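Engineer: Below you will find the structure I want to go over with you.
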Amino acid sequence: MKEIQLSNRLQAVVDLVSKGAKVADVGCDHAYISIYMIEQGIAGHVVAMDVNKGPLERAKDNIKEHGLNDQIETRLSNGIKELNPGEVNTLLIAGMGGPLMEEILSGNEEVLSNVSELVLQPQSEIAHVRKFVESIGFELEQEQMLWEDGKCYVMFKCVRKENVEKYGTELFYRYGKSLLEQKNVALLQYIQKEKDNAESIIEKLKLHPSQRTRDIMEEWKQTIQFCEEALRYYEG
Ligand code: SAM
C-alpha cells in the first residue's frame, strides 16, 4: 500500500485543520485528504463526500486499500445536503470555484449552524469568498498562500465567532489581511505579477485611444493602486 503523499497545496490545506476535528471532506474526489487526516491523527472522524459517483467510487477504493473503512464514511452528496446536523464540526472544501463553494455553504443551514470551523481553498473569486464567510458568522483566523506548478493557491481557516472581527477594507479582502501582515512571499510574487500585468495592459490600451479603452484603463489603474498599497506592507 502506497503512503499518501499530498501535493504542497493539499498539505497546506490539511495543516489548517484543528487536531481532533470531525471533518466533512466535501468534494473529496480521490479522498487523499481524508485518508491523510486519519493516518496522521489530525482528524478523529471523516465523512468523505462527493456529488459524482465516479470520484466517490475512487474514494471508496482508496479508503479500503488503506484499511480505513471504520474511520472514514463515504457519502454521495450535493455539497453538505446529506450531512446530519452535529455529525461534523469542520467543513473542508478544496479545489473548487468560489461561487460553488458559497452555494455549498448555503445548502444546509442546520448543518452549518453546528459547524465551528471551515477550511477552504477556493480557486476563484477569493475576495468574495472572504466577505461571504464573514457574512455567515465566521472569522478569517489563518491564511496561507503558495505557488505550485505555476499556479497560485490561497487557503484559509475560518472559525465561528459571535462577534466577527471583519477584515473591513477592500485591500484586505482582495489580498488577505493576515497574508499581508505576515509579508507572505507567495503573495508578494502574486502582487508583483498582477501589477506587471496591469501595466502591460495599460500600455496596450494606450495604442487604441477611445472612451471605452480609457474606462478600462481606469479599472487597471485602480488595480495598480491596490498593488502599490499592498506592496507597502513589504517595505522596511
Ligand atoms: N478536494 C479535492 C482537491 O482539492 O484536490 C478534489 C477537488 S476536485 C477538482 C473537485 C471535486 O468536487 C470533484 O470530485 C467533484 O466531483 C466534486 N464536486 C463538484 N461539485 C460538487 C458538489 N456540489 N458537491 C460535492 N462535490 C462536488
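The values are calculated or read from the model by the stated rules, or taken from the named source; none is laboratory data. Keep in mind it's a predicted model, so treat the numbers as computed, not measured. Reconstructed Cβ throughout: ideal geometry from the backbone, glycine too, with neighbour counts over all protein chains shown. What goes into the accessible areas is simple: the full protein's heavy atoms, side chains included, and nothing from ligands, DNA or RNA. Shrake-Rupley method; radii C 1.70, N 1.55, O 1.52, S 1.80 Å.
Engineer: So which of Leu83, Leu100, Leu76, Leu56 ends up being open to solvent by 20 Å² or more (accessible area, probe 1.4 Å), among the aliphatic types (A, V, I, L, M), within 13 Å of the ligand (Cβ to nearest atom) and more than 25 Å from Gln142 (Cα to Cα)?
Structural biologist: From the options Leu83, Leu100, Leu76, Leu56, the qualifying one is Leu76.
Engineer: Give Tyr190, Tyr153, Tyr167 a once-over and let me know the one that is assigned to a loop (DSSP other than H, G, I, E, B), surrounded by 17 or more Cβ atoms within 10 Å (Cβ to Cβ) and in contact (Cβ under 8 Å) with a residue 12 or more places away in the chain.
Structural biologist: Selected residue: Tyr167, the only one of Tyr190, Tyr153, Tyr167 that is assigned to a loop (DSSP other than H, G, I, E, B), surrounded by 17 or more Cβ atoms within 10 Å (Cβ to Cβ) and in contact (Cβ under 8 Å) with a residue 12 or more places away in the chain.
Engineer: Check off (1) under 21 Å from Gln142 (Cβ atoms); (2) more than 10 Å from the ligand (Cβ to nearest atom); (3) in a loop (DSSP other than H, G, I, E, B) for Gly67 and give me the number that stays unchecked.
Structural biologist: Every condition holds for Gly67 apart from (1).
Engineer: Just give me the residues in the range 63-78 being under 24 Å from the mean Cα position of the chain (by Cα) and either more than 11 Å from Ala48 (Cα to Cα) or aromatic (Phe, Trp, Tyr) (or both), in sequence order.
Structural biologist: Asn78
Engineer: Go through (1) of a type outside the set (A, V, I, L, M); (2) more than 16 Å from the chain's Cα centre (by Cα); (3) surrounded by 15 or more Cβ atoms within 10 Å (Cβ to Cβ) for Lys177 and report which single condition fails.
Structural biologist: (2)
Engineer: Filter the range 31-66 for residues that are over 23 Å from Val115 (Cβ atoms) and either at pLDDT below 95 or among the acidic types (Asp, Glu) (or both) and give the result.
Structural biologist: Those that are over 23 Å from Val115 (Cβ atoms) and either at pLDDT below 95 or among the acidic types (Asp, Glu) (or both): Glu39, Glu57, Asp61, Glu65.
Engineer: Kindly establish whether Leu10 is outside any loop (DSSP other than H, G, I, E, B), open to solvent by 70 Å² or more (accessible area, probe 1.4 Å) and within 8 Å of the ligand (Cβ to nearest atom).
Structural biologist: No; evaluated as a whole, the condition is false for this residue.
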